[in-house]
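Peer 1: The structure that follows is given in the form of structure tokens.
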Amino acid sequence: MELTGAEITIRCLQEEGVEYVFGYPGGAVLFIYDELFKQEQVKHVLVRHEQAAVHAADGYARSTEKVGVALVTSGPGVTNAVTGIATAYLDSIPMVVISGQVPTSFIGEDAFQEVDAVGITRPCVKHNFLVKDAKDIAGTLKKAFYLAKSGRPGPVLVDIPKDVSNQKAEYSYPATVSIRSYNPQVQGDIGQIKRAAQMLLEAKRPMVYAGGGVILSDASKQLTELVRLLGAPCTNTLMGLGGFPASDNQFVGMLGMHGTYEANMGMQNCDVLLAVGARFDDRVIGNVAHFNSVPRKIIHIDIDPASISKRVKVDVSIVGDVGHVVSDLLSVLNSSKQKPDATALKDWWKQITEWRGANSLNYKNSSELIKPQYVIETLHKITHGDAFVTSDVGQHQMWAAQYYKFNKPRRWINSGGLGTMGFGLPAAMGVQLAHPGATVACVTGEGSIQMNIQELSTCKQYNLPIKIVALNNRYLGMVRQWQEFFHGNRYSHSYMDALPDFVKLAEAYGHVGILVEKPSDVEGALKEAFARKDDLVFLDFRTDSTENVYPMVPGGKGLSEVILAEDL
Amino acid sequence: MRHIISLLMENESGALSRVAGLFSARGYNIESLNVAPTEDPTMSRMTIVTSGSDEVIEQINKQLNKLVDVVTVMDLTDGDHIERELMLVKVRAIGDDREELKRMTDIFRGRVIDVTDKTYTIELTGTGHKLDRFLQAIEHSLILETVRTGASGIGRGDRILKL
Ligand SMILES: Cc1cc2nc3c(=O)[nH]c(=O)nc-3n(C[C@H](O)[C@H](O)[C@H](O)COP(=O)(O)OP(=O)(O)OC[C@H]3O[C@@H](n4cnc5c(N)ncnc54)[C@H](O)[C@@H]3O)c2cc1C
Ligand SMILES: Cc1ncc(C[n+]2csc(CCOP(=O)(O)OP(=O)(O)O)c2C)c(N)n1
Ligand SMILES: [Mg+2]
């Protein structure tokens with residue numbers, strides 16, 4: 001059957017079961033938009049900025065097990081999308097971005113709206129393609145979806161010149177795909193798994209450190225079973241939150257720069273560390289030499305061999321998918337006669353309980369000023385801990401991570417690797433579309449929200465009843481905190497002056513706005529907002545502008561060199 | 001330590017820039033890099049000479065393997081291998097220097113491949129080290145131009161890099 005490149009593109013999306021495409025039209029994608037118009041299966045969401053299209057596709061992907069899809073035009077369309085693509089890349093999010101390109105005969109001539117999309121995105125995609133012939137579109141898109149979601153997931157860009165989208169070619173969607181140079185290892189080596197099991201059984205002070213790989217692999221059930229069987233404490237990275245239930249007694253909270261005292265002390269002092277789908281990021285293991293100054297054995301499960309022994313040398317490496325490897329590890333452990341060392345574990349837990357006693361997330365509530373931590377705790381209460389929570393970047397992000405106790409995976413949606421301000425609202429749009437009836441909150445700051453505020457218009461158009469929880473401290477708070485700690489209180493350009501009236505702004509976009517200035521109004525305002533099932537509500541909480549995020553392990557310091565709130 | 005990494009990659013436009021981009025983005029050294037098609041027209045073979053600590057070399061190998069266009073990677077320096085580089089040198093050759101240059105070329109088992117009344121162009125193959133030594137052995141002021149391919153390498157005996 002002969003179809004145009006544009007028809008083929010849309011057919012492929014239908015074949016892949018794509019429900020939503022987030023995009024913005026322009027000259028180079030007009031044929032593709034024309035085909036979108038002629039069908040109803042693939043729904044298009046018109047954002048107000050291409051960065052938001054990519055973040056929305058990203059939020060959609062993070063909150064489901066599916067691949068997010070974005071569609072942008074050539075030139076400025078692609079460059080606007082780059083921040084979104086890099087955000088997805090750093091957090092390993094499966095995504096396909098289709099970009100228009102100038103006609104093939106114009107490529108290289110500095111044509112109108114021409115940029116080298118493949119070149120610009122090369123360092124921040126898992127892979128990318130320039131399609132030069134319509135007959136290659138179907139095969140390329142099939143590969144793109146396969147690459148995006150298999151192995152270590154990531155964004156894949158497919159650049160389609162305008163003439164190619166109008167060129168006719170024979171169409172058939174490939175039933176299977178194989179790429180000879182790409183064969184991710186899913187099953188772990190059984191010999192290594194047995195070594196790991198033995199090491200864990202002999203451990204006196206075992207610790208499980210689980211990251212985003214658990215979420216990406218949809219393996220939180222297996223992980224939870226493993227942690228319970230081992231009787232070990234479990235910590236999650238920022239990206240792993242929800243991978244192990246936060247309300248479980250074996251959960252010691254998040255680790256790293258703003259992790260709990262018990263999680264970081266446990267990391268530092270354990271004798272066997274099991275790292276599961278986590279990549280020893282510099283915000284997690286601040287100072288590698290300090291971390292290595294204490295002996296411990298490390299087992300690392302990761303699907304990407306390049307994540308293993310990158311920053312921290314490990315003793316047992318298991319390349320494979322978390323779900324598969326942990327299931328195999330469970331069967332080895334279950335069939336072993338040896339059981340975890342109960343006496344040693346008892347002592348270990350005694351020590352952990354002592355660290356827990358430091359109560360490192362404690363804060364002093366106030367009846368005068370709204371404490372941001374209190375807002376998040378109340379948000380947790382009002383939403384029964386069961387909302388999808390997206391976040392922007394800054395102090396509010398850390399408080400959301402620390403105080404909203406996530407019991408389920410894919411509920412906490414934030415930009416960890418790139419730390420992209422402006423992520424929260426568009427990501428929430430993707431989440432809300434993926435989960436129509438669900439409660440979706442976007443925790444943000446007055447700085448971050450202004451980086452994609454235009455999306456309030458998209459939310460109106462598609463009736464997305466997101467609840468925006470703005471912790472408005474009138475500061476680029478995280479920057480201000482670093483300036484307070486490390487730059488002699490010189491608050492260079494971190495004060496947010498001339499802020500808009502967010503209530504009126506929300507109203508101007510056709511939404512509801514609520515200003516909250518007193519601690520006693522926090523709960524009521526949240527209740528009111530979440531009771532409005534059909535409205536987007538913008539909650540402008542005027543929070544204590546001097547509040548800092550604790551605990552804090554300053555950059556470059558060791559995990560036990562922590563600043564606690566009470567130290568000051 | 002110095003390493004010679006050989007790899008097979010898809011003969012796709014852009015594959016070379018993915019490899020080159022990887023090295024610059026991650027701050028790895030490249031001493032030399034060469035690439036040409038193989039007997040299989042769908043694949044090119046690249047040889048990269050790099051240096052770094054064991055950890056860095058391990059990462060380089062892993063990161064190269066991770067590139068979707070890269071089919072297979074081998075660190076030749078992990079085992080027995082042969083290394084060769086081609087150099088062309090144009091030298092000023094007049095008077096007594098003509099005889100001396102010819103003699104040195106013979107000693108290094110090179111060949112004079114182009115002759116004019118004022119110049120010789122000498123072709124020499126060998127390890128990079130040998131080529132360096134040749135350049136040191138001849139009078140520096142006579143060298144007009146040099147061009148080198150960078151090292152190519154192949155495993156000895158049964159060490160074969162193939163799909
Ligand atoms: C302001 C700010 C503060 C921050 N502070 C902290 C902090 O205090 N603590 C903290 O933890 N982080 C913090 N971060 C986040 C940090 O920058 C990193 O993004 C995060 O620590 C990385 O999490 P991760 O190790 O779980 O890796 P991810 O980025 O989630 O990577 C997942 C890993 O799992 C692997 N993987 C993927 N899929 C699979 C699979 N199916 N099977 C097996 N393996 C798989 C991948 O190869 C990768 O190695 C902060 C970020 C910001 C912006
Ligand atoms: C796009 C972008 N620019 C700059 C930064 C650096 N940065 C990190 S946190 C932060 C402050 C964020 O302010 P706000 O959104 O008000 O959050 P708060 O820290 O006050 O809670 C800045 C500027 C960033 N992460 N992203
Ligand atoms: Mg702020």
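The values are calculated or read from the model by the stated rules, or taken from the named source; none is laboratory data. These figures come from a predicted structure and were not determined experimentally. Cβ atoms come from the backbone with ideal geometry, glycine included; neighbour counts cover every protein chain shown. With ligands, DNA and RNA removed, areas are computed over all heavy atoms of the protein, side chains included. Shrake-Rupley method; radii C 1.70, N 1.55, O 1.52, S 1.80 Å.
Peer 1: When the residues of the range A:527-556 are narrowed to those that are open to solvent by 30 Å² or more (accessible area, probe 1.4 Å) and modelled with pLDDT under 95, which ends up nearest to A:Asn473 (Cα to Cα)?
Peer 2: A:Gly555
Peer 1: To continue, here is another question. I'd like to check something: does the range A:455-465 contain any residue that is away from every other protein chain (no Cβ under 14 Å) and within 16 Å of ligand 1 (Cβ to nearest atom)?
Peer 2: no
Peer 1: Write out, first by first residue and then by second, each pair whose Cβ atoms fall under 6 Å of each other, whose residues are 6+ apart or on separate chains, and whose first residue, in the range A:477-493, is within 14 Å of chain B (Cβ to nearest Cβ) and open to solvent by 60 Å² or more (accessible area, probe 1.4 Å) while the second is in a loop (DSSP other than H, G, I, E, B) and within 12 Å of ligand 3 (Cβ to nearest atom).
Peer 2: No pair meets every condition.
Peer 1: Across the range A:494-509, which residue is modelled with the highest pLDDT among those that are open to solvent by 70 Å² or more (accessible area, probe 1.4 Å) and aliphatic (A, V, I, L, M)?
Peer 2: By that ranking, first place goes to A:Ala508.
Peer 1: Within the range B:72-87, count every residue that is in contact with a Phe, Trp or Tyr (Cβ under 9 Å, 6 or more places away or on another chain) and within 8 Å of chain A (Cβ to nearest Cβ).
Peer 2: Number satisfying all stated conditions: 0.
Peer 1: Against the definition (touching a Leu at 6+ places or on another chain (Cβ under 7 Å), closer than 20 Å to A:Leu539 by Cα, within 14 Å of ligand 3 (Cβ to nearest atom) and open to solvent by less than 30 Å² (accessible area, probe 1.4 Å)), how does A:Glu446 come out, yes or no?
Peer 2: Considered against the rule, which asks whether it is touching a Leu at 6+ places or on another chain (Cβ under 7 Å), closer than 20 Å to A:Leu539 by Cα, within 14 Å of ligand 3 (Cβ to nearest atom) and open to solvent by less than 30 Å² (accessible area, probe 1.4 Å), A:Glu446 comes out as yes.
Peer 1: Something else: Does B:Glu58 fit the bill of being open to solvent by 10 Å² or more (accessible area, probe 1.4 Å), out of contact with any His (no Cβ under 9 Å at 6 or more places or on another chain) and facing chain A (nearest Cβ under 10 Å)?
Peer 2: For B:Glu58, the condition - open to solvent by 10 Å² or more (accessible area, probe 1.4 Å), out of contact with any His (no Cβ under 9 Å at 6 or more places or on another chain) and facing chain A (nearest Cβ under 10 Å) - is met.
Peer 1: Let me ask you something else. Give the range A:112-122 a look and list any residue that's away from chain B (no Cβ under 14 Å) and buried (at least 16 other Cβ atoms within 10 Å of the Cβ), or say none.
Peer 2: Listed by number, the residues that qualify are A:Gln113, A:Glu114, A:Val115.
Peer 1: Continuing with this model, one more query. Of everything in the range B:1-26, what is within 14 Å of another protein chain (Cβ to nearest Cβ) and open to solvent by 60 Å² or more (accessible area, probe 1.4 Å)? Give them in sequence order.
Peer 2: B:Asn11, B:Glu12, B:Ser13, B:Leu16, B:Ser24, B:Ala25, B:Arg26
Peer 1: Test of understanding: among A:Ser560, A:Ser520, which residue is assigned to a loop (DSSP other than H, G, I, E, B) and either more than 24 Å from A:Asn264 (Cα to Cα) or more than 16 Å from ligand 3 (Cβ to nearest atom) (or both)?
Peer 2: Answer to the check: A:Ser560.
Peer 1: Also, quick follow-up: Please go through the range A:224-275 and pick out each residue that is free of Cβ contacts under 8 Å to residues at least 40 places away in the same chain and within 22 Å of A:Leu418 (Cα to Cα).
Peer 2: A:Thr235, A:Asn236, A:Gly240
Peer 1: Determine whether A:Ile107 is more than 30 Å from A:Asp218 (Cα to Cα) and in contact (Cβ under 8 Å) with a residue 40 or more places away in the chain.
Peer 2: Criteria met by A:Ile107.
Peer 1: Kindly establish whether A:Leu333 is under 30 Å from A:Asn183 (Cα atoms) and touching a residue at least 40 places away in the same chain (Cβ under 8 Å).
Peer 2: The answer is yes for A:Leu333.
Peer 1: In addition: Filter the range A:455-472 down to the residues that are touching a Phe, Trp or Tyr at 6+ places or on another chain (Cβ under 9 Å) and open to solvent by 10 Å² or more (accessible area, probe 1.4 Å) and list them by number.
Peer 2: A:Ser457, A:Lys460
Peer 1: Name the residues in the range A:138-185 that are within 16 Å of ligand 1 (Cβ to nearest atom) and of a type outside the set (A, V, I, L, M), would you?
Peer 2: Of everything in the range A:138-185, those that are within 16 Å of ligand 1 (Cβ to nearest atom) and of a type outside the set (A, V, I, L, M) turn out to be A:Tyr146, A:Lys149, A:Ser150, A:Gly151, A:Arg152, A:Pro153, A:Gly154, A:Pro155, A:Tyr182, A:Asn183, A:Pro184, A:Gln185.
Peer 1: Here are A:Val156, A:Val102, A:Val97: which of them is within 11 Å of chain B (Cβ to nearest Cβ) and buried (at least 16 other Cβ atoms within 10 Å of the Cβ)?
Peer 2: Criteria check complete, one pass: A:Val156.
Peer 1: When the range A:429-472 is examined, which residues are found to be away from ligand 2 (no atom under 16 Å from the Cβ), under 19 Å from A:Phe530 (Cβ atoms) and of a type in the set (Ser, Thr, Tyr)?
Peer 2: Once the filter is applied, which keeps residues that are away from ligand 2 (no atom under 16 Å from the Cβ), under 19 Å from A:Phe530 (Cβ atoms) and of a type in the set (Ser, Thr, Tyr), the range A:429-472 yields only A:Thr439.
Peer 1: Name, by its number, the condition in (1) under 23 Å from A:Leu418 (Cα atoms); (2) touching a residue at least 12 places away in the same chain (Cβ under 8 Å) that does not hold for A:Asp116.
Peer 2: (2)
Peer 1: Now for a different question. Being touching a residue at least 60 places away in the same chain (Cβ under 8 Å) and assigned to a loop (DSSP other than H, G, I, E, B) is the filter here; which residues of the range A:388-412 pass it?
Peer 2: A:Val393, A:Gly394, A:Lys405, A:Phe406, A:Asn407, A:Lys408, A:Pro409, A:Arg410, A:Arg411, listed by residue number.
Peer 1: Also: Could you say whether any residue in the range A:59-78 is open to solvent by 40 Å² or more (accessible area, probe 1.4 Å) and of a type in the set (A, V, I, L, M, F, W, C)?
Peer 2: Checking the range A:59-78: not a single residue is open to solvent by 40 Å² or more (accessible area, probe 1.4 Å) and of a type in the set (A, V, I, L, M, F, W, C).
Peer 1: Can you tell me which residue is nearest to ligand 1 (Cβ to nearest atom) among those in the range A:378-393 that are open to solvent by less than 10 Å² (accessible area, probe 1.4 Å) and not polar (S, T, N, Q)?
Peer 2: Step by step, filter the range A:378-393, then rank; the result is A:Asp392.
Peer 1: Those residues that are touching a strand residue (DSSP E or B) at 6+ places or on another chain (Cβ under 6 Å) and aliphatic (A, V, I, L, M), I need them from the range A:457-478; list them, please.
Peer 2: Selection gives A:Ile466, A:Ile468, A:Val469, A:Ala470, A:Leu471.
Peer 1: Here is a list: B:Ser53, B:Ser44. Which entry is among the polar types (S, T, N, Q), out of contact with any Phe, Trp or Tyr (no Cβ under 8 Å at 6 or more places or on another chain), within 14 Å of chain A (Cβ to nearest Cβ) and open to solvent by 40 Å² or more (accessible area, probe 1.4 Å)?
Peer 2: B:Ser53
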